[in-house]
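Read the structure below first, then the notes.
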Amino acid sequence: MLVTFNFDTLEKHTEIIASPCIYESPPLSPVLIYGTPLLCNTDRLYVLAALLFQQYLSGPFGVENVAPCSRHVALAIEKFFAPLSVFVKNQTLEPRGNPIGMYTGFVHCCPQRNATFPSFREAAGDTIIRFVPEGVGALFSEQEMVIGTNLFMDTTTPQALRSSLCAYIGAATLYCEDWQINTLCVHHTPAIQGVKELLASVSLNIEWC
């Protein structure tokens, strides 16, 4: 699968297109996230794409028009998909520093609008990342991001729930560098095997709260 990121700074949205390889099923439509980050770490874009299209990937994997993926991140992506034989095509051994952060982002990806985060601490610089599936545009404040997207939470089967959670976690990483977030807290959801190790490869932690 070849993934392309289109950052439209005029229309203020990010379009993420996945072109399937042979034997891969194509996503129904490009992913739209209403907001464009200022900082885009290459390795995190690879991890974001892997999480976003987790249910469709099964072979060669690349991200177009960005620098090659660090070797240790490529290995983490391939391990995340095991036993499927996913291979990151463009890799580099060149040393590359990961972004740093000190704050927690609380990812709100459940249909209930009134979900709360008891451990949220405004004074500590925490941020709520709230995705709105039916929204167009985004609203940012010091304590909260409200981001429109065409992603939606599918809870019909355990496999669909896993794919949806992976997609929302991936989308949240798009803003972690700008907001200096180093920990994502996902609200009332089952832990997904392998996500913690995958995010750790790009200096992000995850907590299931």
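May I ask you to list pairs of residues, at least six apart or on different chains, whose Cβ atoms are under 8 Å apart, with the first in the range 34-53 being aliphatic (A, V, I, L, M) and at pLDDT below 95 and the second being in a loop (DSSP other than H, G, I, E, B) and crowded, with 21+ Cβ neighbours inside 10 Å?
Once the first residue is aliphatic (A, V, I, L, M) and at pLDDT below 95 and sits in the range 34-53, its partners that are in a loop (DSSP other than H, G, I, E, B) and crowded, with 21+ Cβ neighbours inside 10 Å give L39/E177.
Identify, please: which residue in the range 163-209 is among the hydrophobic types (A, V, I, L, M, F, W, C) and touching an Asp or Glu at 6+ places or on another chain (Cβ under 6 Å) and is, among those, nearest to A50 (Cα to Cα)?
If we filter the range 163-209 for residues that are among the hydrophobic types (A, V, I, L, M, F, W, C), which is where we start, we get 165-167, 169, 171-172, 174, 176, 179, 181, 184-186, 191-192, 195, 198-200, 202, 204, 206, 208-209.
Among the residues that remain, those that are also touching an Asp or Glu at 6+ places or on another chain (Cβ under 6 Å) are: 185, 202.
Working: C185: 19, V202: 13 Å.
Ranking the qualifying residues of the range 163-209, first place goes to V202.
Name the single residue that is surrounded by the fewest Cβ atoms within 10 Å (Cβ to Cβ) among those in the range 99-124 being more than 30 Å from A160 (Cβ to Cβ) and modelled with pLDDT under 85.
Ranking the candidates gives A123 first.
Taking T127 as the residue in question, decide whether it is surrounded by fewer than 20 Cβ atoms within 10 Å (Cβ to Cβ) and out of contact with any helix residue (DSSP H, G or I) (no Cβ under 7 Å at 6 or more places or on another chain).
No; evaluated as a whole, the condition is false for this residue.
It is to be established whether one or more residues within the range 150-162 are under 18 Å from the mean Cα position of the chain (by Cα), β-branched (V, I, T) and not assigned by TED's automatic domain parsing to the domain that holds L57. Show your work before the answer.
Let us first name the residues in the range 150-162 that are under 18 Å from the mean Cα position of the chain (by Cα), namely 150-154, 159-162.
After this cut, where a residue has to be β-branched (V, I, T) as well, the list is none.
Among the residues of the range 150-162, not one is under 18 Å from the mean Cα position of the chain (by Cα), β-branched (V, I, T) and not assigned by TED's automatic domain parsing to the domain that holds L57, which makes the answer no.
Select from the range 75-84 the residues that are over 19 Å from I16 (Cβ atoms), at pLDDT 95 or above and of a type outside the set (D, E) and list them in ascending order.
L75, A76, K79
In the range 170-187, how many are surrounded by fewer than 24 Cβ atoms within 10 Å (Cβ to Cβ), among the polar types (S, T, N, Q) and outside any loop (DSSP other than H, G, I, E, B)?
Counting residues in the range 170-187 that are surrounded by fewer than 24 Cβ atoms within 10 Å (Cβ to Cβ), among the polar types (S, T, N, Q) and outside any loop (DSSP other than H, G, I, E, B) gives 2.
How about the range 10-66: which strands (runs of 3 or more DSSP E) wholly inside it have at least 2 residues that are of a type in the set (S, T, Y)?
Ranges flagged: 13-19.
Within the range 56-65, identify whether any single residue is at pLDDT 90 or above and under 18 Å from V186 (Cα atoms), and answer yes or no.
Checked the range 56-65: no residue is at pLDDT 90 or above and under 18 Å from V186 (Cα atoms).
Given the conditions (1) farther than 26 Å from D8 by Cα; (2) in a helix (DSSP H, G or I); (3) modelled with pLDDT of 90 or more, report the number of the one that A167 does not fulfil.
In the conditions (1) farther than 26 Å from D8 by Cα; (2) in a helix (DSSP H, G or I); (3) modelled with pLDDT of 90 or more, A167 misses (1) alone.
The values are calculated or read from the model by the stated rules, or taken from the named source; none is laboratory data. Computed from a predicted model, the values in this text were never measured in an experiment. As a convention, Cβ positions derive from the backbone with ideal geometry for all residues, glycine included, and neighbour counts pool all protein chains shown.
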